[in-house]
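Written below as structure tokens is the structure these notes are about.
The values are calculated or read from the model by the stated rules, or taken from the named source; none is laboratory data. Everything numeric here is computed off the predicted structure, so don't read it as measured data. Using ideal geometry, Cβ is built from the backbone for each residue, glycine included, and neighbour counts are taken over all protein chains shown. In case anyone asks, the SASA skips ligands and DNA or RNA and just uses the protein heavy atoms, side chains included. Shrake-Rupley method; radii C 1.70, N 1.55, O 1.52, S 1.80 Å.
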Amino acid sequence: MAKNPESDRESDTRPWFNRGIPKLTGYGDGGGDSPILKSGYGGGDEDNSTQVPETPNISPNLPDDNTNIVEETGMWTSSNQKKGFMAIMGHFIDNDWILQSKILRFLYVPCPHTSEVLTNVLMDALMEWNVDTKLSTITVDNCTTNDSLIGKIKDKLQLNKLIHDGSHIHMRCSAHILNLIVKIRLNVIKVAIENIRESVSYWAATPKRVEKFEETCRQLKVIFSKRLGLDCQTRWNATYLMLKTALMYKDVFARLKQRDSQYKTLPS
């Protein structure tokens, strides 16, 4: 629980930008027993009927004193149905000087994912949790859609209530920038990656081909421990996972090239 600001006025030695920050409770804080609402859209890796939980509509009971919370948001794509979901997180330092990270919202966002649509979804979440006047920064991926989103968000916020009138509110995600650098370097082996992607797509396309793939694994005494899976551009580790799994079946792909004349994209 947050300390009484009156009794701790002189003893609170935290930086001014973190004073008065309470502990948010609810979904994502690891200790709540709040109900989880079902979104009705699949998000599992294997079962199309898997339900993706949305964060419940809970009031966090934030106080009226000055607080500062770092927001982070991004779109996530389910691996089986390719539907887009938005995750919104809040980060802050509590009264015990412990960094807290809370999932504020996780919800399905219908296409198109334009800056206008994403702005409205994000603003609804900020105002629902009453943190629209308590923002320190908003961290987003480094893309033109988010550049436009930040501009529209600033038009809707009361900038005079933010640090430096919100001039530093836009924080570009360093992890995404690193991911873009890696993708550029992967262009050196672009042809090889495309062959693997086409091979995975071919052998995972139908149940009959999957059975043939598994049968060839047994013939070569290769343990079939992981299903083949295509990568997704918005899931940063997806290409790595695709390549890692395909490498396990390098000999299987070579044998299948001899058995199936329609299979043309053997990885080299």
Original post:
Since Ile169 meets every condition but one in (1) in contact with a helix residue (DSSP H, G or I) (Cβ under 7 Å, 6 or more places away or on another chain); (2) farther than 30 Å from Asn130 by Cβ; (3) of a type in the set (A, V, I, L, M, F, W, C), which condition does it not meet?
Top reply: (2)
Original post:
With (1) touching a Phe, Trp or Tyr at 6+ places or on another chain (Cβ under 8 Å); (2) more than 18 Å from Trp76 (Cα to Cα); (3) open to solvent by 50 Å² or more (accessible area, probe 1.4 Å) as the list, and Trp203 as the residue in question, which single condition is left unmet?
Top reply: (3)
**OP:** Give the range 255-268 a look and list any residue that's in a helix (DSSP H, G or I) and surrounded by 12 or more Cβ atoms within 10 Å (Cβ to Cβ), or say none.
**Re:** Arg255, Leu256, Lys257
Original post:
Given (1) open to solvent by less than 60 Å² (accessible area, probe 1.4 Å); (2) outside any loop (DSSP other than H, G, I, E, B); (3) farther than 30 Å from Asp132 by Cβ; (4) of a type outside the set (Phe, Trp, Tyr), where does Gly151 come up short, assuming only one miss?
Top reply: (3)
**OP:** Within the range 222-254, work out how many residues are open to solvent by 90 Å² or more (accessible area, probe 1.4 Å) and either more than 18 Å from Ala205 (Cα to Cα) or not in a loop (DSSP other than H, G, I, E, B) (or both).
**Re:** 8
Original post:
Can we say Val191 is among the β-branched types (Val, Ile, Thr), more than 30 Å from Val140 (Cβ to Cβ) and either open to solvent by less than 40 Å² (accessible area, probe 1.4 Å) or touching a residue at least 60 places away in the same chain (Cβ under 8 Å) (or both)?
Top reply: no
Original post:
Do you know which of the residues in the range 178-221 that are hydrophobic (A, V, I, L, M, F, W, C) and in a loop (DSSP other than H, G, I, E, B) is nearest to Arg259 (Cα to Cα)?
Top reply: Leu220
Original post:
Considering the range 112-141 alone, what residues qualify as being of a type in the set (S, T, N, Q) and either open to solvent by 60 Å² or more (accessible area, probe 1.4 Å) or free of Cβ contacts under 8 Å to residues at least 60 places away in the same chain (or both)?
Top reply: Thr114, Ser115, Thr119, Asn120, Asn130, Thr133
Original post:
Since Arg197 meets every condition but one in (1) within 26 Å of the chain's Cα centre (by Cα); (2) open to solvent by 40 Å² or more (accessible area, probe 1.4 Å); (3) under 26 Å from Ala125 (Cβ atoms), which condition does it not meet?
Top reply: (3)
Subject >> Residue list for the range 159-177, filter: open to solvent by 80 Å² or more (accessible area, probe 1.4 Å) and in a helix (DSSP H, G or I) >> reply: Asn160, Lys161, His164, Asp165, Ser174
Original post:
Do we have any residue at all in the range 129-138 that's farther than 18 Å from Gly166 by Cβ and either of a type in the set (D, E, K, R) or touching a helix residue (DSSP H, G or I) at 6+ places or on another chain (Cβ under 9 Å) (or both)?
Top reply: no
